[in-house]
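Chemist: Here it is: the structure, laid out below.
The values are calculated or read from the model by the stated rules, or taken from the named source; none is laboratory data. Since this is a predicted model, take the numbers as computed values, not measurements. Note: ideal-geometry Cβ built from the backbone for every residue, glycine included; neighbour counts use all protein chains shown.
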């Protein structure tokens, strides 16, 4: 997570990611420094698949460097004008899934 998340919420957020489902657990890191984040991406093992980046247009160089899939979820977004969209709640989750699956199909 690259946002400056207040310290008092980090443990609760990390716990939510550890309990995504019965058979899925994700370790969360809170890193704000772009250089450190890019270094983490460089050192990651993506196996035979393509990494999925939920990011902003500022991150496109990193996405291209790793031949990744890109779904813009924040500003700046240089590819479309968004007047009214959210990824929160049931409808928001469906919208995000549409975006992710569209990118995978294109990918």
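Chemist: Output the residue which, of all residues in the stretch 41-98 that are in a helix (DSSP H, G or I) and touching a helix residue (DSSP H, G or I) at 6+ places or on another chain (Cβ under 7 Å), is farthest from residue 29 (Cα to Cα).
Modeler: That would be 62.
Chemist: Could you list, in sequence order, all residues of the stretch 55-67 that are within 17 Å of residue 105 (Cα to Cα) and buried (at least 16 other Cβ atoms within 10 Å of the Cβ)?
Modeler: 63
Chemist: Which residues, counting only those in the stretch 83-107, are touching a strand residue (DSSP E or B) at 6+ places or on another chain (Cβ under 9 Å) and exposed (fewer than 11 other Cβ atoms within 10 Å of the Cβ)?
Modeler: Once the filter is applied, which keeps residues that are touching a strand residue (DSSP E or B) at 6+ places or on another chain (Cβ under 9 Å) and exposed (fewer than 11 other Cβ atoms within 10 Å of the Cβ), the stretch 83-107 yields only 106.
Chemist: To continue, here is another question. What are the residue pairs meeting all of these: first residue in the stretch 1-28, first residue under 22 Å from residue 55 (Cα atoms), second residue at pLDDT 90 or above and surrounded by fewer than 10 Cβ atoms within 10 Å (Cβ to Cβ), Cβ atoms under 8 Å, and 6 or more apart or on different chains?
Modeler: 14/27; 17/27; 18/27
Chemist: Limited to the stretch 46-74, what total is found for residues that are within 16 Å of residue 100 (Cβ to Cβ) and more than 13 Å from the chain's Cα centre (by Cα)?
Modeler: 2
Chemist: Quick check: is even one residue across the stretch 68-80 free of Cβ contacts under 8 Å to residues at least 24 places away in the same chain and either more than 25 Å from residue 107 (Cα to Cα) or surrounded by fewer than 10 Cβ atoms within 10 Å (Cβ to Cβ) (or both)?
Modeler: Looking through the stretch 68-80, at least one residue is free of Cβ contacts under 8 Å to residues at least 24 places away in the same chain and either more than 25 Å from residue 107 (Cα to Cα) or surrounded by fewer than 10 Cβ atoms within 10 Å (Cβ to Cβ) (or both).
Chemist: Only residues that are in contact with a helix residue (DSSP H, G or I) (Cβ under 8 Å, 6 or more places away or on another chain) and surrounded by 11 or more Cβ atoms within 10 Å (Cβ to Cβ): list them for the stretch 5-25, please.
Modeler: The answer is 5, and nothing else.
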